[in-house]
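Student: Can you keep this structure in mind? I'll have questions shortly.
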Amino acid sequence: MLALDRVLWIPSHLSPHKRKKASSPPGVRWEMVCAALRGEPAFEATRAELDRGGVSYTIDTLQQIQASHPQWELFLILGPDLIDGLGSWRAPVEIACIAQLVALRFEGREGLAAAGVGGESASAPAPSHVVDLAPCDISSSRIRRRVARGRPVSHMVVPAVLAIIQSRKLYMRRGDVPPDPEST
């Protein structure tokens with residue numbers, strides 16, 4: 001297991017891969033990240049991408065962090081869905097030069113990241129580290145689908161985040177979520 005001093009959580013202003021999808025406003029996503037991390041001293045939220053505005057590219061954020069904190073050794077933690085798509089990102093090789101890639105591998109999940117190999121193309125760098133985790137069936141897409149269908153998500157988010165989702169009526173319009181491929 002990696003012994004990291006802190007883990008930065010960086011909500012994007014506008015994800016390049018989600019430009020056409022409905023999303024919560026950046027300020028609301030910031031509020032949810034802060035609520036989720038409350039009481040977790042090793043976790044820290046940063047507004048780097050929100051304050052920069054525009055489309056959020058990981059390479060820009062890593063370069064910004066590296067310039068601000070040249071003494072830091074950077075690691076980029078990516079779930080299976082992100083590792084699998086790394087080849088389509090802006091400057092994936094440069095990303096791997098700035099930060100060590102950490103692939104999260106969930107038991108029972110298929111895909112390149114599940115096999116411990118990074119990227120969807122030969123140009124995508126492989127992760128430096130693979131961290132095996134217990135099975136987890138939680139994703140932002142699944143949470144949005146369940147909320148849109150009136151299904152409970154209290155087992156998937158902390159109470160403070162659930163309160164934000166409910167008070168702001170997030171994801172409750174059917175157009176906010178992709179079609180549900182699952183029966184739950």
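Student: With a 1.4 Å probe and all protein chains left in place, how much accessible area per residue does segment 1-103 have, in Å²? Don't skip to the answer; put the middle values down first.
Tutor: Working: 5860 Å² over 103 residues.
Counting only protein heavy atoms, the per-residue value for segment 1-103 is 57 Å².
Student: Extension gain residue 23-residue 9, at 0.36 nm per residue separation less the Cα-Cα distance, in nm? Write out the running numbers ahead of the final one.
Tutor: On the way: separation 14, 0.36 × 14 = 5.04 nm, distance 1.77 nm.
Full extension of this stretch gives 3.3 nm more.
Student: From the C-alpha gyration tensor of segment 1-105, pull out the three semi-axes of the equivalent ellipsoid (sqrt of 5λ each), sorted largest to smallest, in whole Å. List each step's numbers first, then the result.
Tutor: Values: eigenvalues 79, 69, 42 Å².
Values for segment 1-105, descending: 20, 19, 14 Å.
Student: Any idea how far apart residue 131 and residue 69 come out in nm if each label point goes 7 Å out from Cα toward Cβ?
Tutor: 1.5 nm
Student: Measure off, as a whole percent, the carbon and sulfur share of the 1.4 Å-probe accessible area of segment 25-79, all protein chains present.
Tutor: Details: 1570 of 2950 Å².
About 53 percent, which is the carbon plus sulfur part of the accessible surface.
Student: So, one more: Using a Förster radius of 22 Å, what is the FRET efficiency between residue 2 and residue 98 based on their Cβ-Cβ separation? Nearest 0.05, please.
Tutor: Numbers: r = 17 Å, r/R0 = 0.76.
It comes out at approximately 0.85.
Student: Just to confirm the filter: which GluC sites (Glu not before Pro) across segment 26-73 are DSSP coil and have at most 11 other Cβ within 10 angstrom of their Cβ?
Tutor: 73
The values are calculated or read from the model by the stated rules, or taken from the named source; none is laboratory data. As the structure is a prediction and not an experimental result, all values here were calculated from the model. Reconstructed Cβ throughout: ideal geometry from the backbone, glycine too, with neighbour counts over all protein chains shown. Side chains included, ligands, DNA and RNA excluded: accessible areas come from the protein's heavy atoms. Shrake-Rupley method; radii C 1.70, N 1.55, O 1.52, S 1.80 Å.
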